[in-house]
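Trainee: This is the structure I want to talk about, given as structure tokens.
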Amino acid sequence: MTATTANALTLNLPEGLPYIDFEREFDAPVAELFRAHADPDLVSQWLGPRGLEMTVHEYDFVTGGRYRYTHTDDDGTPYRFRGSYHTVRENELVIQTFEFEGAPDVVSIETLTFVDLGNGRSKLVGHSVYPDVETRDAMAESGMETGMTEGYERLEELLTTSA
């Protein structure tokens, strides 16, 4: 089931620059949005595209912590990811690395800013920096937009049902 939402994902891939910016609003308070990123049991319910099973192997959502998880498709193909948390400030900011183990030696640095919009609404603002434009473009062409869109739809559904 795909949710329809007025809170669409906005992506910006500036020509010739190795980063991606994104924004997505949510009909939930910033504290709930942050908690859905901090709690591995919640993360496993929304992160990634529909149809993939997520297994969390490690998830230490603190400054200096690490994470590692696997998405598995219907055919049993695993997609493994890992990274470290450089900065975690509750309800405000996360700076982390992100690595797809299928593309070794390529690490992006991501910043997530949690914005309180008032009236029980929030916005997630992201900035992902890649080693070069080619790597950024390969990430964008990998189905990233679909995965992010579906993941954030799933997150909105989770936040709506837990309210």
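Trainee: Among the residues of segment 47-65, is any aromatic (Phe, Trp, Tyr) and over 17 Å from Thr97 (Cβ atoms)?
Mentor: no
Trainee: For segment 23-34, which residues satisfy the criterion of being closer than 14 Å to Tyr152 by Cα and over 12 Å from the mean Cα position of the chain (by Cα)?
Mentor: So the first thing to find is which residues in segment 23-34 are closer than 14 Å to Tyr152 by Cα, and the list is 23-28, 32-34.
Across segment 23-34, the qualifying residues are Glu25, Phe26, Asp27, Ala28, Glu32.
Trainee: Now for a different question. Within segment 49-62, count every residue that is in a loop (DSSP other than H, G, I, E, B) and either polar (S, T, N, Q) or surrounded by fewer than 17 Cβ atoms within 10 Å (Cβ to Cβ) (or both).
Mentor: Residues that pass the stated criteria total 4.
Trainee: Any residue in segment 37-63 that is more than 17 Å from Glu110 (Cα to Cα) sitting within a Cβ distance under 7 Å of a residue that is part of a helix (DSSP H, G or I) and among the hydroxyl-bearing types (Ser, Thr, Tyr)? List the pairs, counting only those 6 or more apart or interchain.
Mentor: So the pair list comes out as Pro49/Thr146; Met54/Ser44; Val56/Ser44.
Trainee: Return only the number of the condition from (1) more than 28 Å from Glu32 (Cβ to Cβ); (2) at pLDDT 95 or above that Arg68 does not satisfy.
Mentor: Of the numbered conditions (1) more than 28 Å from Glu32 (Cβ to Cβ); (2) at pLDDT 95 or above, the odd one out for Arg68 is (1).
Trainee: Further question on the same structure: Could you check how many residues of segment 41-68 are over 15 Å from Gly151 (Cβ atoms) and of a type in the set (A, V, I, L, M, F, W, C)?
Mentor: 2
Trainee: From the list Thr2, Thr111, Thr77, exactly one residue is of a type in the set (Ser, Thr, Tyr) and modelled with pLDDT under 95. Which is it? If you could, list the steps in order and put the result at the bottom.
Mentor: Working: Thr111 fails: modelled with pLDDT under 95; Thr77 fails: modelled with pLDDT under 95.
Just a single option satisfies the conditions, and that option is Thr2.
Trainee: Also: Would you confirm, using the coordinates I've provided, whether Thr97 is under 20 Å from Asn7 (Cα atoms) and of a type outside the set (A, V, I, L, M)? It would help to see each step written out before you state the result.
Mentor: Values: under 20 Å from Asn7 (Cα atoms): no; of a type outside the set (A, V, I, L, M): yes.
Judged against the criteria, Thr97 is not a match.
Trainee: Kindly provide the set of residues from segment 4-23 that are over 14 Å from Ala140 (Cβ atoms), free of Cβ contacts under 8 Å to residues at least 60 places away in the same chain and of a type in the set (Asp, Glu), ordered by number.
Mentor: none
Trainee: Only one residue in Leu17, Leu42 is over 14 Å from Leu155 (Cβ atoms) and either in contact with a Lys or Arg (Cβ under 8 Å, 6 or more places away or on another chain) or in a loop (DSSP other than H, G, I, E, B) (or both), so which one is that?
Mentor: Leu17
Trainee: Can I ask one more? Could you grab me the full set of residues in segment 63-81 that are within 25 Å of Leu93 (Cβ to Cβ) and either of a type outside the set (S, T, N, Q) or surrounded by 14 or more Cβ atoms within 10 Å (Cβ to Cβ) (or both)? Working first, answer last.
Mentor: First, pick out the residues of segment 63-81 that are within 25 Å of Leu93 (Cβ to Cβ): 63-69, 81.
The answer is Gly64, Gly65, Arg66, Tyr67, Arg68, Tyr69, Phe81.
Trainee: Taking segment 2-37 as the search range and keeping residues that are touching a strand residue (DSSP E or B) at 6+ places or on another chain (Cβ under 8 Å) and among the small types (Gly, Ala, Ser), which one is surrounded by the fewest Cβ atoms within 10 Å (Cβ to Cβ)?
Mentor: Once the filter is applied, the top-ranked residue is Ala8.
Trainee: Please go through segment 75-120 and pick out each residue that is among the aliphatic types (A, V, I, L, M) and in contact with a Lys or Arg (Cβ under 7 Å, 6 or more places away or on another chain).
Mentor: Across segment 75-120, the qualifying residues are Val115, Leu117.
The values are calculated or read from the model by the stated rules, or taken from the named source; none is laboratory data. Keep in mind that what you see is a predicted model, and the values were worked out from it rather than measured. Using ideal geometry, Cβ is built from the backbone for each residue, glycine included, and neighbour counts are taken over all protein chains shown.
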